[in-house]
Amino acid sequence: MAHQTQQTLGIIGGMSWESTESYYRLINEGVKNQLGGLHSADLLIHSVDFAPVSALQAQGGWGEMGVMMASSGKRLKAAGAKGLLIATNTMHKLVDDVQAATDLPIIHIADATADAIIAQGLSNVLLLGTQFTMTQDFYKQRLIDAGLEVLIPTEDKRAEVHRIIYEELCQGQFVDSSRAYYRQVIKDSIAKGATGVILGCTEIGLLITQDDSPIPVFDTTAIHAAAAVDFLLADIAL
C-alpha cells in the first residue's frame, strides 16, 4: 500500500481544558476507528490559560481576545498545522481573526453542527450554550443561514444555563440539580416546537447526554471532533 499521511490539524484549546480533553479522546478514537491498529491522530494543540480569557469574555474584551486567538493560530501554523480547529463554541466569535492571521482552513463548529442536524431531517432546534453563543449572531446566524429555525431559552433561563457552564462545568463539577435544570429547559422547548437540541457549548456534553432528552441531542464537541477526523484523513484512501 502506498504511504499516505494524515493532514496535521492544529487545535486551539484550553477553553476549558476539560472539553479539550474530550476533543483529544474523540479525535484519536475516530482515527483509530477508521485506520485500526495503533493509529492515532496527527495533532498539534496549543492550550491557552482560560482564566484571563474568561475574564475578558465577561468584560467584552473581544479585540484583545482576537489578538490572542490569532497569535495561537500563527503558532500552530508555524509548527506545521495544515488546518485549524477552535475547541470551543463561544470563541468562534473570533474565527475571522484567526482566519486572517493564518489563511488556513478552519473547521467551523456551527457549520458541522448544522450539517449534522440537516442530515437527520430536522430544522427546528433549541440552542443551549453561553450567553454569547445563545444570543449573538456569530453562531446563531450561521445556523439560520443553513436553513434552521433556532430557539433559545428565556432570559432568566439563559442566565442559569450560562452560570452552570462557567461556575460548574468549566471547573469539572457535575451537579444533579443542574442536569435536572437542563432537562427541564429541553422539555419546555418541545412545547415551543423544538425537534432537536444543540449542546452549543463544548462542556455541556459532559453533563447532558441523549438519555437526558426526549428529542435528538446534537453534541457539538462530538460533531466537531468527527469533522476533525474527516479533515485528518482526507488524503488517505479508506
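The values are calculated or read from the model by the stated rules, or taken from the named source; none is laboratory data. Model, not experiment: these values are computed from the prediction. In this analysis, Cβ positions are derived from the backbone assuming ideal geometry, glycine residues included, and neighbour counts consider all displayed protein chains. Ligands, DNA and RNA are stripped out before the accessible areas are found, and what is left, the full protein with its side chains, is counted by its heavy atoms. Shrake-Rupley method; radii C 1.70, N 1.55, O 1.52, S 1.80 Å.
Scanning the stretch 91-119 for residues that are in a helix (DSSP H, G or I), closer than 18 Å to residue 232 by Cα and aliphatic (A, V, I, L, M) returns 109, 112. Tallying residues that are over 10 Å from residue 126 (Cβ atoms) and surrounded by fewer than 22 Cβ atoms within 10 Å (Cβ to Cβ) within the stretch 193-205 yields 1. Does the stretch 54-69 contain at least one residue that is touching a residue at least 12 places away in the same chain (Cβ under 8 Å) and in contact with a strand residue (DSSP E or B) (Cβ under 6 Å, 6 or more places away or on another chain)? No, there is no match, as no residue in the stretch 54-69 is touching a residue at least 12 places away in the same chain (Cβ under 8 Å) and in contact with a strand residue (DSSP E or B) (Cβ under 6 Å, 6 or more places away or on another chain).
Looking at the stretch 6-41, which of its residues are out of contact with any Leu (no Cβ under 9 Å at 6 or more places or on another chain), more than 16 Å from residue 235 (Cα to Cα), open to solvent by 20 Å² or more (accessible area, probe 1.4 Å) and of a type outside the set (S, T, N, Q)? Across the stretch 6-41, the qualifying residues are 17, 21, 25, 26, 29, 36, 37, 38.
Between 110, 81, 58, 146, which is open to solvent by 60 Å² or more (accessible area, probe 1.4 Å) and among the aliphatic types (A, V, I, L, M)?
One residue alone meets the criteria, 58.
The C-beta contact set for the stretch 201-230 (first residue under 14 Å from residue 172 (Cα atoms), second residue open to solvent by 20 Å² or more (accessible area, probe 1.4 Å) and β-branched (Val, Ile, Thr), distance under 9 angstrom, 6+ apart or interchain) comprises 205/217; 207/175; 208/217. In this structure, does residue 129 turn out to be closer than 24 Å to residue 211 by Cα, small (Gly, Ala, Ser) and open to solvent by less than 50 Å² (accessible area, probe 1.4 Å)? In short, yes. Looking only at residues of the stretch 120-153 that are in a loop (DSSP other than H, G, I, E, B) and of a type in the set (Ser, Thr, Tyr), we find that the one that is nearest to residue 83 (Cα to Cα) is 130. Could you please find all residues in the stretch 183-199 being part of a helix (DSSP H, G or I) and of a type outside the set (Asp, Glu)? Residues satisfying the conditions are 183, 184, 185, 186, 187, 189, 190, 191. In this structure, does residue 178 turn out to be crowded, with 20+ Cβ neighbours inside 10 Å, more than 17 Å from the chain's Cα centre (by Cα) and at pLDDT 95 or above? Considered against the rule, which asks whether it is crowded, with 20+ Cβ neighbours inside 10 Å, more than 17 Å from the chain's Cα centre (by Cα) and at pLDDT 95 or above, residue 178 comes out as yes.
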